[in-house]
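Colleague: The structure is given below, and queries will be raised subsequently.
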Amino acid sequence: MENLGYYNGNIGAIEDINIPMLDRGVYFGDGIYEVVITVNHKIFALNDHIERLYKSAEMLKIIIPYTKEELKDILYDLVKKVDADEQLVYFQVTRGTAQRSHKYNKDIKGNLYITITPFNDIGNYKKRVKLITVPDTRAFHCNIKTLNLLPNVMASQKASECGCEEAIFHRGNIVTEASYSNVYIIKNGVLKTHPTNRLILAGITRKNILNICNSNNMNIEEIPFTIKDMMEADEVMLSSTTKFIVAAKEINGVPVGGRAPAVIKLLQYEYMNKILNETMD
Ligand code: PDD
């Protein structure tokens, strides 16, 4: 298949699968999700993403009607059906199907929704990107990977309309993360990134980057930094499952970074190696 849609066991081309109007994901965005990539039809970092999905579910009291192993088996099976070796696999669980009411029945079972499409962006991480900053107007649940992404969507669209790749959120003068990625600065050999609390998503790529730093004896500080720190940093960097590790060249039209390219290259190289090692035939 060229692409694949899945909804509670129904499988077909994405364009042919319909979602019931009464799925709470449709009218409340009442659900959680994960995105993973495959290389050679093998899913990268699946265990970490599954763990995070179940943690998000627990925080929102959503019932995932599968064990972790069952869900992994469904995903392993579906990626085999899609022709492309490199795929984007999006999976979400909504709270379930019910008449619209803010309150929910505690026993309602989640709906599983999966889309798989070819992933053609693997080489794009090498290009430096332009960014903008936007106030972080999100609520205090940014650690939960919920479908409620309206502020992220608006910020991302604004970045795109400004000819930029990403929008960096700030609360006051503190940088939190970006609309679909985590944010880092490098200054005097130290990599700094916002601590994992309810203001940011604990990225799986972030976790891998910190591991790479540790094994290369690079100093890490998981502390908040300011917009000024960012504008004056040796490098500004983003990370996510779909964009990998990307360095910035400009923020709000002002040139940034570019003073520690060797560190960026090392992190990118080691991260790509990790993906390739885990997905080798
Ligand atoms: N976004 N912060 C936010 C707000 C995100 O949405 C994401 C991921 C990240 C990075 O997390 P990870 O490294 O686990 O992908 C940080 C995905 C890619 C998305 O929504 O498409």
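The values are calculated or read from the model by the stated rules, or taken from the named source; none is laboratory data. Keep in mind that what you see is a predicted model, and the values were worked out from it rather than measured. Cβ coordinates were reconstructed from backbone atoms using ideal geometry, including for glycine residues, and neighbour counts include every protein chain displayed. What goes into the accessible areas is simple: the full protein's heavy atoms, side chains included, and nothing from ligands, DNA or RNA. Shrake-Rupley method; radii C 1.70, N 1.55, O 1.52, S 1.80 Å.
Colleague: Dividing the Cα convex hull volume of the chain by residue count, how many Å³ per residue is that? Before the final figure, lay out each step's value.
Modeller: Details: hull volume 36.5 nm³, N = 281.
Value for the chain: 130 Å³ per residue.
Colleague: Quick check on the chain: helices-only [θ] at 222 nm, where DSSP H runs of length 4 and up contribute -39,500 (n - 2.57) each and the sum goes over total residues. Nearest 500, please. Walk me through the numbers before you get to the answer.
Modeller: Numbers: 7 runs with 81 residues, N = 281.
So the calculated ellipticity at 222 nm is -9000 deg cm²/dmol.
Colleague: Treating only the Cβ atoms of Lys and Arg (+1) and Asp and Glu (-1) as charged, compute the dipole magnitude of the stretch 4-118 about its Cα centre; round to the nearest 20 debye. Walk me through the numbers on the way to the answer.
Modeller: Working: 14 positive and 16 negative charges, 121 e Å.
For this selection, approximately 580 debye.
Colleague: Please compute P(r) over all alpha-carbon pairs of the stretch 4-118, binned at 5 Å starting from zero, and give each bin as a whole-number percent.
Modeller: 2, 12, 23, 23, 19, 12, 6, 2, 0
Colleague: Measure off 7 Å from each Cα along the Cα-to-Cβ vector at residue 67 and residue 198, then give the distance between these two points in nanometres to one decimal.
Modeller: Placing both labels 7 Å beyond Cα along the Cβ direction yields 3.3 nm.
Colleague: Once you have the Kirkwood Rh of the stretch 129-279 from its Cα pairs, apply Stokes-Einstein at 20 °C and 1.002 mPa s and quote D in µm²/s.
Modeller: Details: Rh = 15.4 Å.
Once the numbers are plugged in, D ends up at 140 µm²/s.
Colleague: Let me ask you something else. Send over a whole-number figure in Å² for the accessible area per residue of the stretch 129-279, probe 1.4 Å.
Modeller: Working: 6680 Å² over 151 residues.
Counting only protein heavy atoms, the per-residue value for the stretch 129-279 is 44 Å².
Colleague: Note down, for the stretch 69-179, the three equivalent ellipsoid semi-axes (square root of 5 times each alpha carbon gyration tensor eigenvalue), biggest first, whole angstrom. Write down the numbers at each step before the final one.
Modeller: Values: eigenvalues 177, 124, 24 Å².
Gyration-tensor ellipsoid for the stretch 69-179: 30, 25, 11 Å.
Colleague: So, one more: Is there a quick way to get the dipole size of the stretch 129-279? I mean about its Cα centre, with the Cβ of Lys and Arg at +1 and of Asp and Glu at -1; what is the value in debye to the nearest 20? Mind dumping the intermediate values first?
Modeller: Numbers: 16 positive and 14 negative charges, 37 e Å.
Its charge dipole is roughly 180 debye.
Colleague: Compute the signed sum of charges (Lys and Arg +1, Asp and Glu -1) over the other residues within less than 15 Å, Cβ to Cβ, of residue 158. Could the numbers behind the result be given before it?
Modeller: Numbers: positive: 130, 138; negative: 136, 161, 165, 166.
Summing Lys/Arg as +1 and Asp/Glu as -1 gives -2.
Colleague: On to the next question. How big is the Kirkwood radius of the stretch 73-128, worked out from every pair of different alpha carbons and given in Å to one decimal?
Modeller: Working: mean 1/r = 0.0704 Å⁻¹.
Computed over Cα pairs of the stretch 73-128, the Kirkwood hydrodynamic radius comes out at 14.2 Å.
Colleague: Given 0.36 nm per residue, what is the gain on full extension from residue 216 to residue 107 after removing their alpha carbon distance, in nm? Mind dumping the intermediate values first?
Modeller: Numbers: separation 109, 0.36 × 109 = 39.24 nm, distance 4.75 nm.
That works out to 34.5 nm of additional length.
Colleague: Could you list the residues of the stretch 255-281 with an amide nitrogen less than 19 Å from a label point located 7 Å from the Cα of residue 42 in the Cα-to-C-beta direction?
Modeller: 269-281
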